[in-house]
Structure formats: structure tokens, C-alpha cells
Amino acid sequence: MGKRIAQQARGKGSFTYRVRRKGYKHRINYPKLSSEGKAKIIKLINSSGHSAPLAKIQIENEIFIVPASDGIYQGQEIIIGKRPENKKPEIGDIVKLKDIPQGTKVFNIESIPGNGGKYLRSGGSSGIIMNRDNGKVEIIIKRRKIRLSENCRAVIGFAAGDGRLAKPLIKAGKKHHIMKSKGRKWHRTSAVKVNAIDHPFGSGRGKRIKSKIAKRNAPPGAKVGHIRPSRTGKRK
């Protein structure tokens, strides 16, 4: 007798495939746009749902959480907005892109002023501030460039947690617990490796090529492969 294939089980939301909300209870955000001045890092948080540690920051009566910058510590004072006497921003400061000197590393960048950090939030990530013109600021991220509004905010420095991939996992159990804490499916088994009764692509007997384009009205047990592709095959 067959059983539910992985696509069906994940859609149903069983205990095996249910996301642990504990890993995502911290919401990353910035304070309101009008908040400026001295702020204090009141706590550093190790969140299993994020690759970088998180910093809990308080400014006046407002508390918010952002990815921690490498080198900050609990109890440190940072500045939100421009530093007095136009001094250079320091690591951990939250500044608008127009007030950040060229060549400075930044992370946790807003896509629209006031919507919270959206770019470069994973551990060790950062971009470099480059040219600015017509109210836009150019940011280099590895080999690509993006242009954002000069009023978008970012954190100075680079996200903590760099080098997390340098140490090998050694055991499969370690990977199991990491993926379980994030609510991800692991490990992934190729469809042709399972029995024919457990998957439409199962039992690769003779490795015959099967259609990988699912019909639009296919039920969950048969909706595998390419879902409504605009095109398939190698581009020439």
C-alpha cells in the first residue's frame, strides 16, 4: 500500500513538516522614520531561525530588533541618524544611505524608506556604498549593483556570523537539527530513487524519460515536476 508522497504531506502540515514558530518569533524591523539620536543595545539574541545573531535595541520607549553587526556588544550605545558634528558613522549605527560615506560597508538595507531591512540580512553579508545622484544611491553587492532611494536606512558594518560555513558539520545529525530548527525539509531524496507507488517519477526502471510538466489541474499527489513553466529545455 502506498503512502502520501512528500508534496501531499507538506501541504497537509503534519508534525514532520510543520514550521517551528519558535525559530521565527523575532521580527526584524527598524524604528519609525522620525526616531533619531542615541540608542542602546539591550540584548544579543541567538535565533535558530536566522543565520546571524540578532540585536535588541532601545531608543526612548521604542524597542526593535535587527541583525547584529560584527563587533558590537551588549550595553553598547549607537546612533540612529547622523552623528553630531558630521562625524563618520561607526559600526552598528543605523544611518540613511545619503549620510553614509562612499566605500562604507553596510547591511540590512531597506528597499523602501520605512519598510524595515530587506537586503543583506544573512550572517557575514554586506554591500559597499558607491555613487549617488538624482536621489538614488548605488550599492555594490558582490558582482551586481542596485540603486535605492537615498532615504533608505542601513546598518554600518557587516552582519555577524561570518565563517559559519567554514567549520564542517561532520555528522548528519548536526545537519538534521539545524534544518529542523528552521522548519526546512531535509534530507531531499531524488524522485527516481523511491518506489513507483510513492511518487509519479518513482522506480527509475530503465531510467525512461517521463514528462516533468504537471497539468494545471493536477491533484497534489500528481503535481510534481515543472509547475506551469513558461518554457523548458536548454536556452540556445
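Determine, yes or no, whether Gly123 is closer than 13 Å to Ser69 by Cβ, surrounded by 15 or more Cβ atoms within 10 Å (Cβ to Cβ) and modelled with pLDDT under 95. Break it down stepwise before answering.
Working: closer than 13 Å to Ser69 by Cβ: yes; surrounded by 15 or more Cβ atoms within 10 Å (Cβ to Cβ): yes; modelled with pLDDT under 95: yes.
The answer is yes for Gly123.
Considering the range 109-166 alone, what residues qualify as being charged (D, E, K, R), under 17 Å from Lys98 (Cα atoms) and not in a loop (DSSP other than H, G, I, E, B)? I'd like the intermediate steps shown before the answer.
Just the residues of the range 109-166 that are charged (D, E, K, R), to begin with: 110, 118, 121, 132-133, 136, 138, 142-145, 147, 150, 153, 162, 164.
This time we only want the ones that are under 17 Å from Lys98 (Cα atoms), so: 110, 132-133, 136, 138, 145, 147, 150, 153.
The answer is Glu110, Arg132, Asp133, Lys136, Glu138, Lys145, Arg147, Arg153.
Lys40 passes all but one of (1) under 17 Å from Arg153 (Cα atoms); (2) assigned to a strand (DSSP E or B); which number fails?
The single condition Lys40 does not satisfy is (1).
Evaluate the following for Arg216: is it basic (Lys, Arg), part of a loop (DSSP other than H, G, I, E, B), exposed (fewer than 10 other Cβ atoms within 10 Å of the Cβ) and in the same structural domain as Lys12 (by TED's automatic domain parsing)? Full working, then the answer.
Working: basic (Lys, Arg): yes; part of a loop (DSSP other than H, G, I, E, B): yes; exposed (fewer than 10 other Cβ atoms within 10 Å of the Cβ): yes; in the same structural domain as Lys12 (by TED's automatic domain parsing): yes.
Criteria met by Arg216.
For the range 45-74, enumerate the residues that are more than 23 Å from Ser34 (Cα to Cα), in contact (Cβ under 8 Å) with a residue 12 or more places away in the chain and of a type outside the set (A, V, I, L, M).
Listed by number, the residues that qualify are Ser47, Ser48, Gly49, His50, Ser51, Pro53, Asp70, Gly71, Tyr73, Gln74.
Does any residue in the range 210-233 that is farther than 19 Å from Lys12 by Cβ come within less than 8 Å, Cβ to Cβ, of a residue that is among the hydroxyl-bearing types (Ser, Thr, Tyr) six or more places away or on a different chain, and which pairs are these?
Close Cβ pairs (under 8 Å, with a partner that is among the hydroxyl-bearing types (Ser, Thr, Tyr)) amount to Lys212/Thr232; Ile213/Thr232; Gly225/Ser211; His226/Thr232.
Hey, does the range 118-131 have a residue that's farther than 30 Å from Leu165 by Cβ and either in the same structural domain as Tyr30 (by TED's automatic domain parsing) or under 18 Å from the mean Cα position of the chain (by Cα) (or both)? If you could, list the steps in order and put the result at the bottom.
Keep residues of the range 118-131 that are farther than 30 Å from Leu165 by Cβ, which gives 131.
Then drop every residue that is not either in the same structural domain as Tyr30 (by TED's automatic domain parsing) or under 18 Å from the mean Cα position of the chain (by Cα) (or both), which leaves 131.
Yes, there is a match, as at least one residue in the range 118-131 is farther than 30 Å from Leu165 by Cβ and either in the same structural domain as Tyr30 (by TED's automatic domain parsing) or under 18 Å from the mean Cα position of the chain (by Cα) (or both).
Just the residues that are hydrophobic (A, V, I, L, M, F, W, C) and either buried (at least 20 other Cβ atoms within 10 Å of the Cβ) or under 22 Å from Ile28 (Cβ atoms) (or both), please, taken from the range 126-152. Step through it out loud before you land on a result.
Filtering the range 126-152 for residues hydrophobic (A, V, I, L, M, F, W, C) gives 128-130, 137, 139-141, 146, 148, 152.
Across the range 126-152, the qualifying residues are Ile128, Ile129, Val137, Ile139, Ile141, Ile146, Leu148, Cys152.
Considering Gly75, Gly11, which residue is part of a loop (DSSP other than H, G, I, E, B) and out of contact with any Ser or Thr (no Cβ under 6 Å at 6 or more places or on another chain)?
On the way: Gly11 fails: part of a loop (DSSP other than H, G, I, E, B).
Residue meeting the stated conditions: Gly75.
If only one of Gly37, Gly49 is small (Gly, Ala, Ser) and modelled with pLDDT under 90, which one is it?
Numbers: Gly37 fails: modelled with pLDDT under 90.
Of Gly37, Gly49, the one residue that is small (Gly, Ala, Ser) and modelled with pLDDT under 90 is Gly49.
Would you pick out the residues in the range 66-88 that are in contact with a Lys or Arg (Cβ under 6 Å, 6 or more places away or on another chain) and either under 19 Å from Val137 (Cβ atoms) or crowded, with 18+ Cβ neighbours inside 10 Å (or both)?
Matches in the range 66-88: Pro67 only.
Yes/no per residue for (1) within 22 Å of Arg27 (Cα to Cα); (2) not β-branched (Val, Ile, Thr):
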| site | (1), (2) |
| --- | --- |
| Ile79 | yes, no |
| Arg83 | no, yes |
| Gly103 | no, yes |
| Glu110 | yes, yes |
| Ala154 | yes, yes |
| Gly161 | yes, yes |
| Ser181 | yes, yes |
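Could you say which residue among Lys223, Lys175 is among the basic types (Lys, Arg) and modelled with pLDDT of 90 or more? It would help to see each step written out before you state the result.
Values: Lys223 fails: modelled with pLDDT of 90 or more.
Answer to the check: Lys175.
Could you list, in sequence order, the residues of the range 176-201 that are under 26 Å from the mean Cα position of the chain (by Cα) and in a helix (DSSP H, G or I)?
Those that are under 26 Å from the mean Cα position of the chain (by Cα) and in a helix (DSSP H, G or I): His176, His177, Ile178, Met179, Lys180, Ser181, Lys182.
The values are calculated or read from the model by the stated rules, or taken from the named source; none is laboratory data. Being a predicted model, the structure only gives us computed values, none of them experimental. Because the Cβ atoms are built from the backbone with ideal geometry, glycine has one as well, and the counts that use them run over all protein chains shown.
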